[in-house]
Amino acid sequence: MTSISNKNGRDELPLGAPATKTLVAQFTKRDLMLYALGIGFCNDSYDDKDMIDRELRFVYEHHPKFEAFPTFLLALSFVAGRPSEGLQSAFGIRPFPPESMTNSRDDGSNCGILPQEFFKNREDIEEVQNLPILHISQSLILHDNIKFHTQTDQNMIDPPTQIKLQARILSIKPRSIGTFVTSETKYYQDGSCIATAQMVALILGLDPDNVVSLKAPTNNHLVGGSKKAKPSTQDSSFNSNTLTSANQNTCKEKTVLQYRIPQNAALLYRLSGDYNRIHVEDDLLGSDEDQGGRDGISEQKTQKSGAVLHGLCTMGYALRAVLHHADHHQISKSHGGEVRLASVRCNFVKPVYVGDSLRVEVWDEEDRTSRDETGFDVCFRVYRDVGRACSGVKQIDIEKQSDVVVDKGKARFCLCSKRLGTEVVR
């Protein structure tokens, strides 16, 4: 992936609100394939040989239905940058934290995720850089499909596709546990907004008395999973039996899929842009005294050995199961057309470690108002099962030995009469 931006990288907002960063990221099909491999595609064993072919559409550039996995856009926030950096190698390693998560002080130094004007005592900014930042929640609305650029000459096999990002802070809420920061990123291609994402991060331990709060705009609303969300034309349709695991249970109203996180999962996923050392060096989590059992990390580290998996990687695994459930939904079957993802959101409750066994449960939204002629909503939750793959353990025992790692997941699906496909620009 490569990155550029406008000259200044910022568009000024009204006084009192932080500036909007305008960044640009470029990606190739190779980036799409690395991302899909990072969330486990083609890593499981299947009895149905057609399953491998359906997963190949995300990892093989010559597949007739090759496309980007919906949450790939979220990875672009980690590689987007400013124009002064120039065009780097398409697969160059990026610094962490990325440009989208940092702000500069008057002297040019980094002041972290919060702009300097939101610190009451700017002398404390330096100490804040050492505080842990937790990813609390993530949401994504897909407004339009990604347009791939194909080669115009034989010398360029995999030409880059460019996406512009506009990132801004929506709200800052100081609390006793720390400061919650809600940010929004809009993704543009050829002048049109193709997606909107919102993230909530917690700066753990940041003194609330040293932070200036910011109230969210009155016209802002939480994205992801809402019936009112703008229908998406992003094609996330799945044919029969797609994205199923070797250990699955699909019924009329509920789908349960289990995934084993391989030991190299974090090493593979970080190639999509998130090069935070915590996903490789497990000792960076510190001792119980350092963390105080925060977010359940220290308590689990006494029982687990290994690095923490990226939260967005866990979300990718979950969405694989969610899409499988939607494709087998009774509404989509009776409709006879394609099912495509319109929006998704979830909360990250506890960390996942490499080597863990994840269980994803997906079920229909009970509220009948969540279903209409245009689509339907589903809910999901992710568990970390204790005891590896839990072989030989009864289902009731598995539930007793499971930790919820992703909660309050919700996705909205739209129905369409024909396959839209990923557009190709020549």
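The values are calculated or read from the model by the stated rules, or taken from the named source; none is laboratory data. Computed from a prediction, not measured in an experiment: that's the story for all the values here. Please note: Cβ atoms are built from the backbone with ideal geometry, for glycine as well, and neighbour counts cover all protein chains shown. The accessibility values were calculated without ligands, DNA or RNA, using every heavy atom of the protein model including side chains. Shrake-Rupley method; radii C 1.70, N 1.55, O 1.52, S 1.80 Å.
What the table shows:
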read-out	value
HN-Hα J in Hz across the range 203-209 - Karplus 6.51, -1.76, 1.60, θ = phi - 60°, x for Gly and Pro	7, 6, x, 6, 4, x, 6
Label-to-label distance, nm, for residues given as Gln162 and Lys254 (7 Å Cα→Cβ offset)	5.0
Net charge of neighbours whose Cβ lies under 9 Å from the Cβ of Val362, counting Lys and Arg as +1 and Asp and Glu as -1	0
Most to least accessible of Arg105, Arg122 (protein chains only, probe 1.4 Å)	Arg122, Arg105
Among 184-192, 140-148, 197-205, 315-323, the order from most to least packed when residues are scored by Cβ within 10 Å on average	315-323, 140-148, 197-205, 184-192
Cross-link table Lys254/Lys350; Lys147/Lys186; Lys186/Lys215; Lys120/Lys215; Lys65/Lys410, entries beyond 18 Å C-alpha to C-alpha	Lys254/Lys350; Lys186/Lys215; Lys65/Lys410
Accessible carbon and sulfur surface of the range 159-216 relative to its total accessible area, %, 1.4 Å	48
Computed accessible area, Glu338, all protein chains, 1.4 angstrom probe, square angstrom	40
FRET efficiency, Gln263 to Trp363 (Cβ-Cβ, R0 30 Å, nearest 0.05)	0.45
